[in-house]
Amino acid sequence: MISSPDYVGVDVSKKYLDLAMAGHKVFRVANTSAGMSGLLPRLASLNRPHLVCEATGSYSRLLAREMAGQGIAVSQINPRRVRELARADGRLAKTDAIDAGVILRFAHLMAPEPDPQYDPNAVEMADLVRRRRQMVDMLAQEKQRREHPEALQVQASIDAHIGFLGQQIAEIDQAIARHIEADTTLSRRAELLTTIPGIGKTTAAVLIAEMPELGSIGNKQAAALAGVAPFNRDSGAMRGQAHIAGGRLSVRCALYMASLSAIRANPPIRDFYQRLRDQGKPG
């Protein structure tokens, strides 16, 4: 029988990590490689250490990378879940040390699964996809702004920025394609995804970058992670309308656009969509 891990709650900030361990006071180390090296002797005394922190983007990336090199499990969880637990416990105060303790309590209650093994190629891929999304959003904003100003200089400035963003997006697309082609695992996943009618290269890149769990989880888990699983809203005799909630917004947006294409190009999806519409489901 495998013993349960020794969880460590980690509150991550730009400069520091505050760590809570059962039976110990909360302590702090620098969020640097040197700080991680100083942390390892403390973790060595634990039985199967498992670090749990909130998903904080780039601030928790060093922790994931350094712990992966030592074979130590790390779980990055949605910050909202931790705050809801704190409110349920009546913990209204918020400090780094308190947050570390709440994360530790969350870990013991929820026993989160370890994140997939840290993969620098996957991280770089996610950065490229994220940057592309940012530039696409900026391009849409500039196109909306183009409709309003009358000053020729302002129009020219917007047009120049639109051209620049279009060029940058094209370059990012090329970089994403090269990155996928250079990695056998990513290339195979992209090949599988694009065999689905309605899934193009851009959507495949988003799924590869934003849902690394694909292939290792079931369909219901995947739907929940993507934020497309409907949740009931029933109470007593009242039967409310089910709605999707939570999940990863970028993935859901990509799948929405892909589903519009699939309704036209993928017969099983088209037939399924039509059956739902015939049942009175909203478009």
| request: Test residue 220 against the stated conditions and say whether it is more than 22 Å from residue 126 (Cα to Cα), open to solvent by 70 Å² or more (accessible area, probe 1.4 Å) and assigned to a loop (DSSP other than H, G, I, E, B). | output: no
| message | Against the condition of a type outside the set (D, E, K, R), modelled with pLDDT of 90 or more and open to solvent by 90 Å² or more (accessible area, probe 1.4 Å), how does residue 92 come out, does it pass? | response | no
| Boolean, residue 49 is touching a Leu at 6+ places or on another chain (Cβ under 9 Å) and in contact (Cβ under 8 Å) with a residue 24 or more places away in the chain | yes
| Condition check for residue 48: modelled with pLDDT of 90 or more, of a type outside the set (A, V, I, L, M), open to solvent by 80 Å² or more (accessible area, probe 1.4 Å) and in contact with a strand residue (DSSP E or B) (Cβ under 9 Å, 6 or more places away or on another chain) | yes
| request: Read through the list (1) closer than 21 Å to residue 130 by Cβ; (2) surrounded by 13 or more Cβ atoms within 10 Å (Cβ to Cβ), then give the number of the only condition that residue 58 fails. | output: (2)
| task | Report, ordered by the first and then the second residue, all pairs with beta carbons closer than 6 Å, sequence separation of six or more or different chains, a first member in the stretch 262-283 that is within 18 Å of residue 244 (Cα to Cα), and a second member that is open to solvent by less than 70 Å² (accessible area, probe 1.4 Å) and not small (Gly, Ala, Ser). | result | 273/263
| task | Search the stretch 98-116 for residues that are more than 13 Å from residue 19 (Cβ to Cβ) and pair each with any residue that is open to solvent by 70 Å² or more (accessible area, probe 1.4 Å) when their beta-carbon atoms are under 6 Å apart and the residues are at least 6 apart or on different chains. | result | none
| request: Would you be able to tell me the number of residues in the stretch 149-202 that are under 17 Å from residue 254 (Cβ atoms) and among the small types (Gly, Ala, Ser)? | output: 4
| query | What number of residues within the stretch 117-133 are without any contact (Cβ under 8 Å) to a residue 60 or more places away in the chain and within 24 Å of residue 221 (Cβ to Cβ)? | reply | 2
| query | Name the pairs whose Cβ atoms lie under 8 Å apart, with the first residue in the stretch 60-76 and in contact (Cβ under 8 Å) with a residue 40 or more places away in the chain, the second of a type in the set (Lys, Arg) and not in a helix (DSSP H, G or I), and 6 or more positions between them or separate chains? | reply | 73/48
| said: When you check residue 256 against the structure, is it surrounded by 14 or more Cβ atoms within 10 Å (Cβ to Cβ), free of Cβ contacts under 8 Å to residues at least 40 places away in the same chain, part of a helix (DSSP H, G or I) and of a type in the set (Ser, Thr, Tyr), yes or no? | reply: no
| said: Being open to solvent by less than 40 Å² (accessible area, probe 1.4 Å), β-branched (Val, Ile, Thr), part of a helix (DSSP H, G or I) and touching a helix residue (DSSP H, G or I) at 6+ places or on another chain (Cβ under 9 Å) is true for just one of 185, 203. Which residue is that? | reply: 203
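The values are calculated or read from the model by the stated rules, or taken from the named source; none is laboratory data. Given the structure is predicted, the values throughout are model-derived calculations rather than measurements. Glycine also receives a Cβ, built like all others from the backbone with ideal geometry; neighbour counts cover every protein chain displayed. These area figures cover heavy atoms from the full protein model, side chains too; ligands, DNA and RNA do not enter into them. Shrake-Rupley method; radii C 1.70, N 1.55, O 1.52, S 1.80 Å.
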